1. Rank A:PHE379, A:PHE422 by accessible area, highest first, at a 1.4 Å probe radius?
2. Provide a whole-number value for the mean count of partner chain Cβ atoms within 10 Å of the Cβ atoms in peptide B:46-53.
3. In whole Å, how far is the Cα centre of the stretch B:76-136 from that of the stretch A:261-281?
4. Explain nothing, just the number: dipole magnitude of the stretch A:319-450 about its Cα centre with +1 on each Lys and Arg Cβ and -1 on each Asp and Glu Cβ, in debye rounded to the nearest 20.
5. Compare A:ARG159, A:ARG119, A:ARG148 by solvent-accessible area with a 1.4 Å probe and give them largest first, with all protein chains kept in place.
6. Return the value, in Å² to the nearest 100, of accessible area buried between chains A and B (probe 1.4 Å, both sides summed).
7. So, with a 1.4 angstrom probe, what is the percent of accessible area on the stretch A:319-450 that is carbon and sulfur?
8. Which of the residue pairs B:LYS14/B:LYS59; B:LYS25/B:LYS163; A:LYS116/A:LYS345 have a Cα-Cα distance greater than 21 Å in the structure shown?
Amino acid sequence: MAKKGIPEWLNSSLWSSSPPPPPIDDRLLRNPPATSVTPPIVERPPLSPSPSAISTAPAPPLPARPPSKSEINDLQNGTGNDGAGIDSPAAASSVEDVSRKAQVVAELSKKVIDLKELRKIASQGLPDDAGIRSLVWKLLLGYLSPDRSLWSSELAKKRSQYKQFKEELLMNPSEVTRKMDKSKGGDSNDPKIESPGALSRSEITHEDHPLSLGTTSLWNNFFKDTEVLEQIDRDVMRTHPDMHFFSGDSAVAKANQDALKNVLTIFAKLNPGIRYVQGMNEILAPIYYIFKNDPDKGNAAFAESDAFFCFVELMSGFRDNFCQQLDNSVVGIRYTITRLSLLLKHHDEELWRHLEVTTKINPQFYAFRWITLLLTQEFNFVESLHIWDTLLSDPEGPQETLLRICCAMLILLRRRLLAGDFTSNLKLLQNYPPSNISHMLYVADKLRSK
Amino acid sequence: MSDDDERGEEYLFKIVIIGDSAVGKSNLLTRYARNEFNPNSKATIGVEFQTQSMVIDGKEVKAQIWDTAGQERFRAVTSAYYRGAVGALVVYDITRSSTFENVGRWLDELNTHSDTTVAKMLIGNKCDLESIRAVSVEEGKSLAESEGLFFMETSALDSTNVKTAFEMVIREIYSNMSRKQLNSDSYKEELSSNRVSLVKNDNEGTKTFSCCSR
């Protein structure tokens, strides 16, 4: 077999699990025995629920170990589970994991946090302990400044700003005009002056009324919004249907759905060029989930507003992928997918050729979802949180990191892909098999351009 | 060694499912391809893909069925999905009239992007929800007639007509193709623009045919 065009490290012992029989299956390839090499990224072992320095609250929101497929019954990955994807070389690495947690905690307790250092630690994956990820993501997304002493005032400001957005943007036009009148007319508009018994009613002006087609018409925009709102509503209802946190008729699920709807609606109104695009709910969901499960009740109570600003921040790096007008530009989704294709060609030309020339698979057919939804649909929920730790912390920025991870995903399946035809390859890539995430991130890291 | 799995005389037809968001496109496909239904299925982002085979005249006919995202934003990106499609299911939800009103836009979309004649069927899905029906059977029928489409109401939930609908489209494609094959020489010139990949292997086993709806 010609191995031309493949970087040296691809042929390293890491890939062909060193003990005798060469791996036939990708799964073996993706799970190098922990004994043969020392993986730079350590598997996450079961963590003893040690008291966190950040918070002393009980009940960690996430399973404190790699979830088995039965715990998070992810729809995407629920089929064809080989069960071999996520076992961890437990005992050996738990020490390192505990020490990594200690590192994070130590960094977070500094008066002024060293973001560079924090990124370095976080890119190795964060412990699933309650509270840590919530705080670290806020720092990585720039929502909290590194200086702890500023946190309370910053948070208070942002949270009140969000409250204002809610009041201004989630009301219907009658409420808006009534409020505008009130502030304009001051006391003269006092309902007490109106004839007794009459319900106060908002005045319908010539400039604006429910049948107005004017572009500045609040009413016209209100009706245009309805379509968007219905779309948001439908998608929020089907966000993580397998998780009680998001789905079902419980009061908790309902409240969480309302929060997601509010955030997406406000985002859509503040960003008229993009509004709401299907799939944004999937990007918001992990952020909100992490914040809402913060053991610090004070933070959890403001999960919605914190998630809003962090979502905006995250989207600022990816919004162009959602923008139809930019589809054919150098910042749009098509070009982003082309960059993935070039990256694969650069690192593994044989595989690139097989996929795009021989089996004629347009990378859009699988990478569109991978990229626009930041890999939230390809792995189970907890695994995608680990991927996001790396996405958010890599100093090269989320987009570059994402493309490297996508490229690693392809390379890790190279044997199966090289043996596959159009149909089997596309099915494989649209239903990415259960994988060892740490190893995948390790491989992605190796793809970094020197 | 890897690229000619599709050898032999089998037929492979590409079919697309289009229509507004949340009309049940994905569930129609999983009902047909895997006999499954998921009441809480997620929104499709980009495209998904299934294959299903049936036997016609003793020949195996494979349908490669593409399920696309419903939201308008994705249309520019999904144009590639229409390429080579020889069949289409245009789906609306009988309980939401806006999805029916948009059928025309989907047909335009299909006509713009498809590079060949396409066997089309209009599908009114969710016919199990009779109590909240918003589009009558007659409305569906008459639209289908005026546009020259097959028509059927289906329920991915209780399976009504799902298999029948897909198989009807597949049979139509097949019969168009066989008819054309008989006359292929005389039609070749005239129909050279209506090309479709009749996949024998993954190379350009291209034959020409035309198909008319009914």
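1. Of A:PHE379, A:PHE422, the descending order of accessible area is A:PHE422, A:PHE379.
2. 6
3. 26
4. The dipole magnitude comes to about 300 debye.
5. In descending accessible area the options line up as A:ARG148, A:ARG119, A:ARG159.
6. 3200
7. Roughly 53 percent of what the probe reaches on the stretch A:319-450 is carbon or sulfur.
8. Among B:LYS14/B:LYS59; B:LYS25/B:LYS163; A:LYS116/A:LYS345, the Cα-Cα distance tops 21 Å for A:LYS116/A:LYS345.
The values are calculated or read from the model by the stated rules, or taken from the named source; none is laboratory data. All of these numbers come straight from a predicted model, not from anything done at the bench. Note that we place each Cβ from the backbone using ideal geometry, even for glycine, and neighbour counts take in every protein chain shown. Protein only, heavy atoms only, side chains kept; ligands, DNA and RNA dropped before computing areas. Shrake-Rupley method; radii C 1.70, N 1.55, O 1.52, S 1.80 Å.
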